[in-house]
Structures are given as C-alpha cells and as structure tokens.
Amino acid sequence: MDERKALDSYPLPIARGYRRFLNAEEGRERHDAAYYLFEVYLKYLAAVAVAHYLAGEERDHRVNAALKGLARPSLGEWLRFLRECLRFLAGRDGADPALKAMAELLDRREARWQAVVRLGNALRAFLSGRPSEKEAVSLEMLLGDLVAYRNQVLGHGAPRGAEHYGRFAELFGAAFPELLRESPFLTARRLVSFHSLRIREGSRVECGVVEHMGLVPLKRAQPLVLQYGDAPPAEERLHLLSEGGKFIPLDPLIVAHEEDVYILNEAEGAPEYLSYATGERYRPSGLGGAQKDLFERILGYRVDESRVSRMGDDLAPTAETPSGAPAETGERRLGDYRIVRELGRGAMGIVFEAVQESLGRRGRGRKGRAGERLALGPRGARGGAVERGGRRVREADPAREGRREAPCGLHDRGAPRARGGAS
C-alpha cells in the first residue's frame with residue numbers, strides 16, 4: 001500500500017499512528033508503535049459500530065450488556081463492543097453497507113492475507129507455546145489474539161528480548177497495510193467536526209466542516225447545508241459524515257482536543273482519553289456527566305455515578321489470564337460464559353471467575369466432572385450453579401436494569417424443559 005495514501009486519506013488517529021510507526025527507531029519503540037496501529041484500528045471500528053447503534057432507536061439486551069463495559073473500556077471490551085454491535089446491526093434489513101462490510105471482514109477467514117496470516121500464526125504460537133500453521137485467519141481471530149498478546153507483553157508481562165521486539169515489529173508493520181487495503185469503509189465515512197452554524201435566508205442552516213482525515217485537520221471549502229428545522233450537529237464534537245450529508249455523533253467515544261483526536265481508554269480502573277499519535281492522556285472535567293448521558297442513551301433511563309461505578313466493578317478485567325492455549329478469538333469460553341481466570345480446583349470440579357456475555361454479569365462458576373457445564377453464581381459466592389445433561393436453570397431476561405433486587409438470585413437462562421421432563 002502507498003504510504004502517502006495511508007498518511008493522507010485515513011482517519012487522523014490512524015494516519016498519525018502510521019506516521020509514528022514509520023518514524024520509530026528500532027527495538028521496543030518500533031514494536032510498540034507497530035502494535036498500536038492495530039489497537040487504534042480496533043477501537044476506531046468499534047466506536048463507529050457503537051455510534052451507529054446509539055443513533056438508531058432499536059435496542060438489544062445483549063448489546064446493552066456488552067456496552068456496560070464502557071464504564072471501564074479495556075481493550076477486550078472494545079472487541080466485545082465491535083462484535084456485538086455488528087452482530088445486531090449488520091443482520092437487520094436495510095443495514096448500512098459500511099457496517100455489513102465491517103461484519104463480513106470480521107467473520108471471513110482469508111488465506112490470501114499473507115502478512116496477516118503470518119502475524120496470526122506468530123501470535124498464536126507465542127500465546128500457546130506451540131507452533132501454528134493456519135492457512136487462513138479471520139479479523140476476529142487476529143484481534144482476539146492481539147488482546148491476549150497485549151495483556152502478556154504490554155500489560156503485565158515481563159520485558160522481552162530485542163529479538164522478540166524486532167520480529168514482531170516487522171510482523172505488525174507488514175500486516176497493517178494489508179488490513180487497510182481490506183477496509184475501504186474507513187474512508188467511506190469522513191471523520192469531521194462542525195463549527196459556525198448559521199441560518200441563511202430563513203430556510204436553511206449552514207454548518208462549517210473540519211475534516212479530521214489524514215495528518216492535519218482541514219476546513220472544507222463548502223459547508224454542510226441543512227433544511228431549517230432539521231436537528232443540527234453539536235459544534236466542536238466529532239461525527240461521521242456520509243456523502244449524502246448524514247451525520248452520526250462519535251462523542252464521547254472519540255473526541256477532538258487541541259488539533260488531535262483522542263479515543264476513550266481505561267487507565268488504572270478509570271476512563272480517560274488517549275492520543276495514539278503522541279501518547280498524551282486527557283481527562284476532561286465533564287467526563288462523569290458524559291458517561292451518565294451515554295448510559296442513558298444505551299439503557300433508556302438515567303444512571304447515577306454510583307451505578308456507573310458498579311458497572312465498572314462488575315465488568316473490570318483482571319490482570320490475570322487463564323492458563324492454556326487461547327481459544328479461536330483469544331479468549332476461553334464455555335457457552336455464554338467468557339472465562340476470566342481459574343480460581344481453584346478440587347474433587348468436585350474447577351472454579352472459574354467468568355462473565356455471562358448475554359447479561360454482562362461477572363461472578364464465579366464451577367465446571368464439574370463428567371460433562372457438566374458452567375453456570376454463573378453471584379460474584380463473591382462460593383461456587384455456582386452447574387448444568388447436567390443439558391438441563392438449564394431458566395431465567396427470563398430482566399425487564400429493565402432499574403428493577404428492584406429480587407429476594408433470590410437467578411443464575412442462568414434457557415428454553416423451558418419439555419413436559420414430563422425431570423425437575
């Protein structure tokens with residue numbers, strides 16, 4: 001791919017991240033700059049998917065449960081946002097073509113991505129400790145392994161040798177242009193902000209447009225024209241703008257600040273914004289209010305700060321990672337449950353800390369012997385419910401998040417048993 005095109009045509013955080021990689025020295029600096037290309041790519045795609053979900057009127061309990069992770073948006077949560085939002089949005093009639101293309105790219109296994117396949121095999125071999133010779137890889141598989149790689153190498157792992165950093169810097173750097181070539185949706189929707197809204201001739205509104213595409217924000221010569229009475233965009237906030245003039249707000253997932261673009265990030269258990277071009281961090285004074293507004297848009301009712309904090313506690317990732325080889329997406333799963341870590345083993349089975357994906361709940365569960373399957377108990381409980389022979393504990397979806405606490409906890413859900421079945 002032409003380097004000039006990447007620097008001039010793609011959204012500003014991606015273009016500046018790519019320039020940072022091209023200018024990086026050898027060793028750890030070049031490795032980290034190359035890795036962060038994929039992290040900013042994942043977050044940007046996920047922010048686009050979340051913004052489209054929030055712009056619509058329909059809501060889905062599984063997407064809402066995933067989006068609670070915005071209280072403390074770790075990289076693994078960003079992958080969940082992308083996966084769940086695309087699952088919901090791309091499957092609808094009349095789905096946006098850009099979202100359908102994103103969903104297809106996420107799921108499709110490709111053998112012709114030579115550099116991406118080499119990177120995928122290298123990541124899998126590093127994470128599992130065994131050689132990997134896959135002939136094809138999907139974007140979801142790759143991103144899942146990147147999350148696991150980050151936790152071991154950039155998160156809490158011990159420093160690696162110069163050979164490791166040099167090798168993976170080249171693998172990341174070669175694979176990223178290949179990925180950009182398969183991502184035309186990144187330029188189909190322009191990253192813009194609006195300014196100087198003016199009413200003209202009493203019948204239309206003109207909005208000045210600044211494009212945040214390429215390395216430098218640039219003012220468009222022609223304004224966006226709206227009919228008088230149409231809802232105007234918020235000034236100085238970032239939006240996605242289509243060729244037809246439709247705009248979707250990205251704030252507060254991605255924000256403009258001092259001629260740069262910052263993406264929502266987690267640091268030490270608290271949300272902030274991060275520039276992938278400079279490494280600068282930004283915590284605006286109104287971030288708490290923006291979070292509450294965001295969750296009101298997701299859930300349909302106002303959420304106070306204490307509840308936002310509890311959401312973060314329930315979904316916050318731990319520093320520990322489960323043992324063994326990673327699953328196809330870089331995570332260990334048992335049905336609806338994403339395994340966070342192993343807590344202990346005994347004669348009755350293995351106890352895990354896990355998150356129930358469909359409801360966004362964290363708790364403890366036991367995977368017993370003889371084919372038993374995990375079901376989640378309350379967080380802090382000693383063990384959890386277990387499925388036997390396909391039987392399930394039945395649970396209706398919560399009517400709404402604001403319900404009163406029930407006298408007893410409900411731990412799983414499933415189809416009603418057939419008449420005459422064992423209780």
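The values are calculated or read from the model by the stated rules, or taken from the named source; none is laboratory data. Remember, predicted model here, so these are calculated numbers, not experimental data. Glycine also receives a Cβ, built like all others from the backbone with ideal geometry; neighbour counts cover every protein chain displayed.
Here are some notes:
- Qualifying residues in segment 202-226 (those that are surrounded by fewer than 14 Cβ atoms within 10 Å (Cβ to Cβ) and out of contact with any strand residue (DSSP E or B) (no Cβ under 6 Å at 6 or more places or on another chain)) - the one farthest from Val48 (Cα to Cα): Gly202
- Yes/no for Arg118 being modelled with pLDDT of 95 or more, basic (Lys, Arg) and in the same structural domain as Leu171 (by TED's automatic domain parsing): yes
- When residues of segment 124-160 are limited to those that are among the charged types (D, E, K, R) and not in a helix (DSSP H, G or I), the one nearest to His31 (Cα to Cα): Arg160
- Leu79 being modelled with pLDDT of 95 or more, within 19 Å of the chain's Cα centre (by Cα), of a type in the set (A, V, I, L, M) and surrounded by 18 or more Cβ atoms within 10 Å (Cβ to Cβ): yes
- Flag if Glu163 is assigned by TED's automatic domain parsing to the domain that holds Arg112, assigned to a helix (DSSP H, G or I) and more than 21 Å from the chain's Cα centre (by Cα): yes
- Hey, Gly120 in contact (Cβ under 8 Å) with a residue 40 or more places away in the chain, closer than 29 Å to His31 by Cβ and either surrounded by 15 or more Cβ atoms within 10 Å (Cβ to Cβ) or among the small types (Gly, Ala, Ser) (or both) or not: no
- The set of residues from segment 257-276 being surrounded by 22 or more Cβ atoms within 10 Å (Cβ to Cβ) and closer than 22 Å to Leu224 by Cβ comprises just one member, Val261.
- Ser183 vs. criteria at negative phi, part of a strand (DSSP E or B) and either of a type outside the set (Lys, Arg) or at pLDDT below 90 (or both): no
- Of all the listed residues (Ile298, Ile254, Ile248), the sole one being at pLDDT below 90, surrounded by 16 or more Cβ atoms within 10 Å (Cβ to Cβ) and either within 22 Å of Pro13 (Cα to Cα) or out of contact with any strand residue (DSSP E or B) (no Cβ under 9 Å at 6 or more places or on another chain) (or both) is Ile298.
- Only listed residue being under 30 Å from Phe247 (Cβ atoms) and β-branched (Val, Ile, Thr), chosen from Val192, Val153: Val192
- Meets criteria (among the acidic types (Asp, Glu), exposed (fewer than 14 other Cβ atoms within 10 Å of the Cβ) and at negative phi) for Glu163: yes
- All positions within segment 127-141 that are out of contact with any Asp or Glu (no Cβ under 9 Å at 6 or more places or on another chain), on the phi < 0 side of the Ramachandran plot, in contact (Cβ under 8 Å) with a residue 40 or more places away in the chain and of a type outside the set (D, E, K, R): Ser128
- Remark: pairs (first residue in segment 1-21, part of a loop (DSSP other than H, G, I, E, B); second residue not aliphatic (A, V, I, L, M); Cβ separation under 6 Å; 6+ apart in sequence or on different chains) = Met1/Pro177; Met1/Arg181.
- At least 3 residues being closer than 30 Å to Gly279 by Cα is the threshold, and among the strands (runs of 3 or more DSSP E) wholly inside segment 215-259 those reaching it are 238-241, 247-249, 254-257.
- Residues within segment 22-59 that are among the small types (Gly, Ala, Ser), within 30 Å of Pro233 (Cα to Cα) and in a helix (DSSP H, G or I), tallied: 5
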